[in-house]
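In what follows, a structure is listed as structure tokens, so that the remarks can point back to it.
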Amino acid sequence: MRLNSKCKICRRAGEKLFLKGERCFSQKCALTRRSYPPGIHGPKRRRSLSEYGLQLREKQKLRYIYGITETQLRNYFEEITGKEDKSRSLLSMLEHRLDNVVYRLGFAKSRRTSRQIISHGHILVNGRKVDIPSYQVRKGDIIKIKKTSIKKGLFKDLSVHLKNYQTPSWLSLDKDKLIGKVIGEPTIQDIGEPAEIEKVIEFYSR
């Protein structure tokens, strides 16, 4: 996916999905400069969406935020079938992805970079290399960067980035040793709701 295409996704959604790391917080953010949808020359009133359209929009937002495919998201939904609180269960599975945890720990400035870091074999889980971004971590798991990888370009200025970085309460981070640990369960109150999860559940429940 090209960099410009990520900006178009945010403009189409009408809100920042933070797909490009620090750029999303700067004045270079395309949505800050052009808050109207791509393909429209100047701001226009958005058309009201049907219930299906709203569900589809939230589903797509969730996919783009976590960087997963349609098949992956549908598989997650099938795994939570029968669970009492589907919204919480779906969010928990997405948050427990290794690429998301590496991002939440501050080891990467975006989930896209996190997937790259993991795929290149720079991350250890409980002392063993894991190169699968979708790997599901569990409470008690310890995540750290390989010692031989810390000096590589992907981790340039990491100490500066982490200086004022605060991890969500379900994760702990030793900033000196660069060791993270899963100590609890993610909650919507803790991380914020990335999309209207209920509408995503409704979309797949049709």
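The values are calculated or read from the model by the stated rules, or taken from the named source; none is laboratory data. The structure presented is a predicted model; accordingly, all values stated were derived computationally and were not measured. We place every Cβ from the backbone using ideal geometry, glycine too, and count neighbours over all the protein chains shown.
Tell me, yes or no, whether the stretch 90-106 has at least one residue that is part of a strand (DSSP E or B) and either in the same structural domain as PHE203 (by TED's automatic domain parsing) or buried (at least 19 other Cβ atoms within 10 Å of the Cβ) (or both). Checking the stretch 90-106: at least one residue is part of a strand (DSSP E or B) and either in the same structural domain as PHE203 (by TED's automatic domain parsing) or buried (at least 19 other Cβ atoms within 10 Å of the Cβ) (or both). Identify the residue in the stretch 118-149 that is part of a loop (DSSP other than H, G, I, E, B) and of a type in the set (S, T, N, Q) and, among all such residues, is surrounded by the most Cβ atoms within 10 Å (Cβ to Cβ). The extreme case among them is SER134.
In the stretch 76-89, is there at least one residue being buried (at least 21 other Cβ atoms within 10 Å of the Cβ), within 28 Å of ILE179 (Cα to Cα) and touching a residue at least 60 places away in the same chain (Cβ under 8 Å)? No, because not a single residue in the stretch 76-89 is buried (at least 21 other Cβ atoms within 10 Å of the Cβ), within 28 Å of ILE179 (Cα to Cα) and touching a residue at least 60 places away in the same chain (Cβ under 8 Å). Exactly one residue among THR32, THR81, THR71 is assigned to a helix (DSSP H, G or I), hydroxyl-bearing (Ser, Thr, Tyr) and modelled with pLDDT under 95, and that residue is THR32.
Return the residues of the stretch 150-180 that are of a type in the set (S, T, N, Q) and not in a strand (DSSP E or B); say none if nothing qualifies. Walk me through how you get there before you give the answer.
We begin by selecting, within the stretch 150-180, every residue of a type in the set (S, T, N, Q); these are 159, 164, 166-167, 169, 172.
Hits for the stretch 150-180 are SER159, ASN164, GLN166, THR167, SER169.
Of all the listed residues (SER110, SER172), the sole one being touching a Gly at 6+ places or on another chain (Cβ under 8 Å), within 30 Å of GLY53 (Cβ to Cβ) and not assigned by TED's automatic domain parsing to the domain that holds THR71 is SER110. Only residues that are basic (Lys, Arg) and either modelled with pLDDT under 95 or within 17 Å of the chain's Cα centre (by Cα) (or both) were counted across the stretch 176-197, and they come to 1.
Residue check: is GLU58 in contact with a Lys or Arg (Cβ under 6 Å, 6 or more places away or on another chain), touching a residue at least 24 places away in the same chain (Cβ under 8 Å) and not basic (Lys, Arg)? Give the steps one after another, and end with the answer.
Working: in contact with a Lys or Arg (Cβ under 6 Å, 6 or more places away or on another chain): yes; touching a residue at least 24 places away in the same chain (Cβ under 8 Å): yes; not basic (Lys, Arg): yes.
Taking the combined requirement at face value, the residue satisfies it.
Among residues that are at pLDDT below 95, under 22 Å from GLU185 (Cβ atoms) and in contact with a helix residue (DSSP H, G or I) (Cβ under 7 Å, 6 or more places away or on another chain), LYS109 is not included.
If you go through the stretch 107-117 and pick out every residue that is assigned to a loop (DSSP other than H, G, I, E, B) and of a type outside the set (A, V, I, L, M, F, W, C), you end up with 2.
For the stretch 150-205, enumerate the residues that are farther than 30 Å from LYS61 by Cβ and crowded, with 16+ Cβ neighbours inside 10 Å. Break it down into steps so the answer makes sense when it comes.
Taking the stretch 150-205 as the starting set, the residues that turn out to be farther than 30 Å from LYS61 by Cβ are 150-153, 156, 159-160, 163, 174-179.
The answer is LEU178, and nothing else.
Return yes when GLN136 is within 18 Å of the chain's Cα centre (by Cα) and modelled with pLDDT under 95 and no when it is not. No: the conditions fail for GLN136.
Can you tell me how many residues in the stretch 58-94 are touching a helix residue (DSSP H, G or I) at 6+ places or on another chain (Cβ under 7 Å) and under 27 Å from PHE155 (Cβ atoms)? Qualifying residue count, the stretch 58-94: 4. Scanning the stretch 90-115 for residues that are among the polar types (S, T, N, Q) and touching a residue at least 24 places away in the same chain (Cβ under 8 Å) returns SER92, ASN100, SER110, THR113.
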